[in-house]
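Chemist: Below is one structure. I have some questions about it.
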Amino acid sequence: MGPRVVVVDGSVGLALAGADHVGELLAETPASSVVVPTGRTPIGVYEELAARRRAGVLNTSQLTVVQLDEYLGLEPGDGRSLFRWMDLMFLEPLAIDPARVLALPADGDTEGGLAFDRALEDRGGLDLAILGLGANGHLGFNEPPTAADAGTRAVDLRPETLEANASYWGDGVDVPRRAVTIGMRQLLAARQILLLVAGASKHAIVHAAIEGPVSPDVPASFLQVAADRVTVIVDRAAWEGEA
Ligand code: GLP
């Protein structure tokens with residue numbers, strides 16, 4: 001049995017299905033620890049969750065947010081910071097108290113990664129890892145090849161990731177070449193994993209991840225090992241590969 005796959009129509013379908021999934025978890029366990037990804041895919045889900053909070057049907061007051069990934073070597077205030085992105089797209093709109101955010105070590109050294117993993121473990125691990133899918137099959141910045149038991153650490157970004165992420169910042173803005181990411185081990189240990197996938201460009205990689213061989217060369221394929229805890233919400237363009 002593979003992961004549960006929910007195919008939805010367009011960005012509205014993704015936003016509603018994603019928000020329903022996260023909302024159900026928060027209704028059951030308000031004091032959840034949740035990883036939230038940056039990137040384009042989850043934006044509609046976050047907007048829908050924020051609307052539900054404003055409408056009083058979603059309570060985020062006990063939620064702990066765990067940072068997924070961050071570029072290394074940025075000066076304070078750098079507009080490319082993924083923490084800043086998460087702040088604008090999730091923490092602010094969902095009124096998350098900064099004291100309830102577990103941030104990655106800013107310098108990404110080995111000690112920092114180990115301390116982060118210990119802090120996460122002390123909190124009881126992740127209740128939910130919401131994840132996007134990299135063009136090369138990465139989760140967070142667990143770039144291929146990644147072992148299933150890799151911990152939180154600094155990584156060199158691969159050329160295809162630099163290319164994909166360049167579109168976030170526009171012409172002439174460099175993508176940092178190094179990053180820090182939560183480890184595969186911590187993500188795979190989450191009590192629930194929600195993978196969000198959108199767009200025809202992800203067609204081949206989403207099928208490789210869910211149905212292909214389990215391999216360090218496609219880090220997202222390790223989700224098959226945790227299949228009973230994984231839900232994939234994928235739009236029809238990605239699932240069927242329409243242009
Ligand atoms: C980026 C980030 C991931 C993100 C993924 C997909 O490189 N490191 O956290 O989930 O790639 O991004 P997008 O949703 O923009 O396709």
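The values are calculated or read from the model by the stated rules, or taken from the named source; none is laboratory data. Computed from a predicted structure; not experimentally measured. Here the Cβ is made from the backbone with ideal geometry for all residues, glycine too, and neighbour counts use every protein chain on show. Note: accessible area is taken over every heavy atom of the protein model, side chains too, but ligands, DNA and RNA are not part of it. Shrake-Rupley method; radii C 1.70, N 1.55, O 1.52, S 1.80 Å.
Chemist: Go ahead and estimate [θ] at 222 nm for the chain from helices alone: -39,500 (n - 2.57) per DSSP H run with n ≥ 4, summed, over the residue count, rounded to 500. Before the final figure, lay out each step's value.
Modeler: Values: 8 runs with 79 residues, N = 243.
When only DSSP H runs of four or more count, the value is -9500 deg cm²/dmol.
Chemist: With a 1.4 Å probe and all protein chains kept in place, how do S32, S167, S201, S215 rank by accessible area, largest first?
Modeler: Details: S32 0, S167 65, S201 110, S215 25 Å².
The ordering from most to least exposed comes out as S201, S167, S215, S32.
Chemist: In addition: Are there any helices in the chain, counted as whole DSSP H runs, that stretch 24 Å or more along their axis by Cα and score at least 0.0 on average by Kyte-Doolittle, and if so which? Could the numbers behind the result be given before it?
Modeler: On the way: long enough: 10-28 (28 Å, 0.77).
Result, helices passing both filters: 10-28.
Chemist: Once you have the Cα-Cα distance between D122 and Y168, take 0.36 nm times their residue separation minus that, and quote the gain in nm to one decimal.
Modeler: Details: separation 46, 0.36 × 46 = 16.56 nm, distance 3.45 nm.
Additional length available on full extension: 13.1 nm.
Chemist: Between R191, R53, R123, where does the largest GNM mean-square fluctuation fall for the chain, given springs only between Cα atoms within less than 10 Å?
Modeler: Most flexible of the set in this elastic network: R123.
Chemist: Using just the alpha carbons, could you tell me how many Å³ per residue the convex hull of the chain encloses? Working shown, then result.
Modeler: Numbers: hull volume 28.7 nm³, N = 243.
So the per-residue hull volume is 118 Å³.
Chemist: Same structure, new question: Could you check how much of the accessible area of the chain is carbon and sulfur, as a whole percent, using a 1.4 Å probe? Kindly include the intermediate steps, with their values, before the conclusion.
Modeler: Working: 5610 of 10830 Å².
Solvent-exposed carbon and sulfur of the chain make up 52 percent of the total.
Chemist: Report the gain in length on full extension from R4 to D107: 0.36 nm times residue separation, minus Cα-Cα distance, nm rounded to one decimal.
Modeler: Working: separation 103, 0.36 × 103 = 37.08 nm, distance 3.64 nm.
Working it through step by step, the gained length comes to 33.4 nm.
Chemist: Once label points are set 7 Å from the Cα along Cα→Cβ at both E160 and D20, what is their separation, rounded to one decimal in nm?
Modeler: It works out to 3.2 nm between the two label points.
Chemist: Let me ask something else about it. Hey, got the dipole for the range 4-213? About the Cα centre, +1 on K and R Cβ, -1 on D and E Cβ, debye to the nearest 20?
Modeler: Numbers: 17 positive and 28 negative charges, 73 e Å.
Result for the range 4-213 is approximately 360 debye, rounded to the nearest 20.
Chemist: What is the extension gain from R191 to R54, computed as 0.36 nm multiplied by their sequence separation minus the C-alpha to C-alpha distance, in nm to one decimal? Present the calculation step by step, with values, prior to reporting the outcome.
Modeler: Numbers: separation 137, 0.36 × 137 = 49.32 nm, distance 2.73 nm.
Length gained, R191 through R54: 46.6 nm.
Chemist: For the range 59-98, what does the accessible surface come to per residue with a 1.4 Å probe? Please give it in Å².
Modeler: Working: 1850 Å² over 40 residues.
Heavy-atom SASA per residue in the range 59-98 reads 46 Å².
Chemist: Over the Cα atoms, compute the radius of gyration (one decimal) and Dmax (the largest Cα-Cα distance, rounded to a whole number) for the range 72-159, in Å.
Modeler: My reading of the Cα-based Rg and Dmax gives 14.0, 37 Å.
Chemist: Follow-up question, since we're still on this one. Name all residues of the range 72-111 having a backbone nitrogen under 18 Å from the label point set 7 Å from the Cα of E47 along its Cα→Cβ direction, giving them as ranges.
Modeler: 85-95
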